[in-house]
1. Considering (1) modelled with pLDDT under 95; (2) of a type in the set (A, V, I, L, M); (3) surrounded by 17 or more Cβ atoms within 10 Å (Cβ to Cβ), say which one residue 263 fails and leave the rest.
2. Applying the selection to the range 235-260, what residues are small (Gly, Ala, Ser), open to solvent by less than 40 Å² (accessible area, probe 1.4 Å) and more than 19 Å from residue 180 (Cα to Cα)?
3. Looking at the structure I just gave you, is residue 192 part of a helix (DSSP H, G or I), in contact with a helix residue (DSSP H, G or I) (Cβ under 6 Å, 6 or more places away or on another chain) and either over 21 Å from residue 278 (Cα atoms) or at pLDDT 95 or above (or both)?
4. When you scan the range 160-184, how many residues do you find that are on the phi > 0 side of the Ramachandran plot and either surrounded by 22 or more Cβ atoms within 10 Å (Cβ to Cβ) or of a type in the set (A, V, I, L, M) (or both)?
5. Residue 104 fails exactly one of the following numbered conditions: (1) of a type in the set (Ser, Thr, Tyr); (2) touching a strand residue (DSSP E or B) at 6+ places or on another chain (Cβ under 6 Å); (3) without any contact (Cβ under 8 Å) to a residue 40 or more places away in the chain. What is the number of that condition?
6. Could we say that residue 51 is open to solvent by less than 60 Å² (accessible area, probe 1.4 Å), hydrophobic (A, V, I, L, M, F, W, C) and free of Cβ contacts under 8 Å to residues at least 60 places away in the same chain here?
7. I need every pair where a residue in the range 306-319 that is part of a helix (DSSP H, G or I) has its Cβ under 6 Å from the Cβ of a residue that is aromatic (Phe, Trp, Tyr), sequence separation at least 6 or different chains.
8. Identify, from the list 231, 177, the residue that is in contact (Cβ under 8 Å) with a residue 60 or more places away in the chain and either closer than 23 Å to residue 34 by Cβ or of a type in the set (Ser, Thr, Tyr) (or both).
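The values are calculated or read from the model by the stated rules, or taken from the named source; none is laboratory data. Quick caveat: nothing in here was measured; it's all calculated off a predicted structure. Neighbour counts are summed over all protein chains in view; Cβ atoms, including those assigned to glycine, are modelled from backbone coordinates with ideal geometry. For accessibility, only protein heavy atoms count, side chains too; no ligands or nucleic acids. Shrake-Rupley method; radii C 1.70, N 1.55, O 1.52, S 1.80 Å.
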Amino acid sequence: MPEYDRAVAGIPDTLKGRSFTRVADWSPDELLTALDLADELKVERARRRELRILPGRTVGLIFRKPSTRTRISSEVGIAELGGMALYVPAADLQLSRGESTRDTALVLSRFLSAITIRTFDQTEVDEFAEHATIPIVNGLTDTSHPLQALADAMTIRERFGTLEGVRVAYLGDGNNVCHSLMRIAARTGMHLVAASPEGYLPDPVVVASCREDAAASGASIDVMVDPVEAVAGARVLYTDVWTSMGQEDEREQRLRDLAPYRIDAEKLAAAAPDAIALHCLPAHVGEEITADVLYGDRSLVWDQAENRLHVYKAVLALTVR
């Protein structure tokens, strides 16, 4: 199979060599370029057309956390682009025995064409990006989940034909998923309302920064405590798990505090008539979302999960040299 003709496909070279460590790394136009390419790649995959955009490239996957969607979409996406995935648990690297992030990044840059990192601390991803000479892609940290935000935006745009003016209500813990969703909403013209109880609100520094972006795009970013007010008129209801990795000791308290923020049939009925439900998964059915909503006809959760594959392929196609 010959290499894919990037010029004919209209894939720009402006992002070549760039990292994607957080949504804020890329401008609104660059984010839209990634979404447009993801749409195209999804269509071509449905046609079963092989697109060898990255022949002979090897992409490293360094993971400190368990994964379903990130790992599988990464390995499948790299293979479908004609490359090879190298999965490396962080514990298997000398990094776990004290070798510096800088040295690891410099060495791996000589072997690989890009690295996707799934870890706890955002500073580890930032350090890799600072010292590597290849693109670094954030597969999730405790403060950011940019690939998920791209998949969210892709899913919303598929359903409504636009992102501008779409009201999104995020309910629950103001976590990494909330932060990245807020950023992409601010840069693409969505109206995002995050509803969380006191003690679970999104980072005020992130909120303030996203509001600056929103002023330029015509978006709006609101934070409130009342989930009923948040869902009124929303076309998207979004939630995430209430107890993330590393928070297991807080589980019972979190269940009590966040119970009013569960997405259920009542909240969906209070939203816009064409409202959809999203969840980045894995879901704890009966906690943050009820089964009738998750598996109902207004759930786009499974499209959203599939779109993780297409946005990842788009990011690699745009950044890998």
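1. Only one criterion is unmet by residue 263, namely (1).
2. We begin by selecting, within the range 235-260, every residue small (Gly, Ala, Ser); these are 244, 246, 259.
With the extra rule that they be open to solvent by less than 40 Å² (accessible area, probe 1.4 Å), the set shrinks to 244, 259.
Matches in the range 235-260: 259 only.
3. Working: part of a helix (DSSP H, G or I): no; in contact with a helix residue (DSSP H, G or I) (Cβ under 6 Å, 6 or more places away or on another chain): yes; either over 21 Å from residue 278 (Cα atoms) or at pLDDT 95 or above (or both): yes.
When the stated conditions are applied, residue 192 does not pass them.
4. Let us first name the residues in the range 160-184 that are on the phi > 0 side of the Ramachandran plot, namely 161, 165, 172.
Then keep just the ones that are either surrounded by 22 or more Cβ atoms within 10 Å (Cβ to Cβ) or of a type in the set (A, V, I, L, M) (or both); that gives 172.
The number of residues fulfilling the criteria is 1.
5. Going through (1) of a type in the set (Ser, Thr, Tyr); (2) touching a strand residue (DSSP E or B) at 6+ places or on another chain (Cβ under 6 Å); (3) without any contact (Cβ under 8 Å) to a residue 40 or more places away in the chain one by one, residue 104 breaks only (2).
6. Details: open to solvent by less than 60 Å² (accessible area, probe 1.4 Å): yes; hydrophobic (A, V, I, L, M, F, W, C): yes; free of Cβ contacts under 8 Å to residues at least 60 places away in the same chain: yes.
In short, yes.
7. Final answer for the pair search is 315/20.
8. Working: 231 fails: either closer than 23 Å to residue 34 by Cβ or of a type in the set (Ser, Thr, Tyr) (or both).
Exactly one residue qualifies, and that residue is 177.
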